[in-house]
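Every number in this text was worked out from the coordinates using simple rules, so none of it is lab data. Model, not experiment: these values are computed from the prediction. Cβ placement follows ideal geometry from the backbone for every residue including glycine, while neighbour counts extend to all protein chains displayed.
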Amino acid sequence: MTRLASPPHDAVSDILRSFGVRTTIFCVSELRAPWGLEIPDEPVAKFHIVLSGRALVHFADMSIVLAEGDLIVLPRGTEHTLVDDDRTQPAPLAQLIDDYGLDDGLRLRYGGSGRLTRLLCGGFCMNEGIPDSTLRLFPNVLHAPFAEAPWLASLLADLNEESESGRPGASAIVAKIADVFLAQALRVWLLDAHWDRLADPRRMLEGPIAKAVSALETRPSEPWSLDELARHVGLSRSALAMKFRAGIGESPIRYLSRVRLRQAAYELAGGRLTLHEVARRAGYGTDAAFAKAFKRHFGKPPGAYREGAGDPPRLELFSSEGVQHAHHDG
């Protein structure tokens, strides 16, 4: 018998698995020239896949031509427009949906009588446990040209067929295929010299702040105070507060609170621990204090979160003053 060799450790695959990207909402846009969509800045991660035809996407500081099979990912939900031609004046997407409606609840038909472009437009979320130091590495825009991934041809054909079929279960299949395209976009970006930093995001931090982040992430249940953390890393209280906010984007205590609540969310979803055990492991002295903090952060009490653990997770987005949240209900 021939023993198959174990594959070497694949850091990129590990990181992709840790992201846990999942498509949560989408619509198929069937657009005939002239057409234009104006999409506002919103704290919701978005993507567009060109199923057929072509599109121009414009941002405040750049433009990209999208060909058939191309994917563009907007981790921060950056404001942008999609048009068939630079001469076309775009209309707000929300207004178009109000005016034209969505056939079958997921299909927008809009435009003139010219060339057809079909887009799969949607939102996605990622695992809640991704460190903020990792999230901050994402650019505003990821572009994955189809020409760089010809192996996706059969999946693109499947995506087109399912999006047109209207068969029962088509929306679930479309979402799963879209996940593959999203993973490919993230892989392209990771392979562009970013994966080593993502494998250990603390490499981007140095000295006392890296030590402080490590302490909070590896020992969140300890009763940390700003004074105790400052002593631990060898800084004054004021110096730690200033340097931590400059490097992380928020105070050490707020960061600790979110680390604890992310840990609690994972343990609740796992279902192996009681609410009391989860609260203690998250560093809360009473169940009531934990429940109050958890509901404020996630919008529902711990028990309700556990019951709905199969729901799409919340994607934590980026803000210099903390974190904005977006939740997709499917």
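Worth a mention:
- Peptides ranked, highest mean first, by Cβ atoms within 10 Å: ranges 295-304, 274-283: 274-283, 295-304
- Dimensions of the stretch 11-198 based on its C-alpha atoms, expressed as ranges along the principal axes with the largest first, amount to 48, 39, 29 Å.
- Taking GluC sites (Glu not before Pro) across the stretch 21-94, none is in a DSSP loop with at most 12 further Cβ atoms lying within 10 angstrom of its Cβ.
- Span from the the stretch 232-293 Cα centroid across to the the stretch 24-103 one, whole angstrom: 38 Å
- Ordering M126, M62 from the fewest to the most neighbouring beta carbons within 10 Å gives M62, M126.
- Sparsely packed trypsin sites (Lys or Arg not before Pro) within the stretch 87-125, loop by DSSP, other Cβ within 10 Å at most 12: R87
- FRET efficiency for A183 and L102, using Cβ-Cβ distance with R0 set to 41 Å, rounded to 0.05: 0.95
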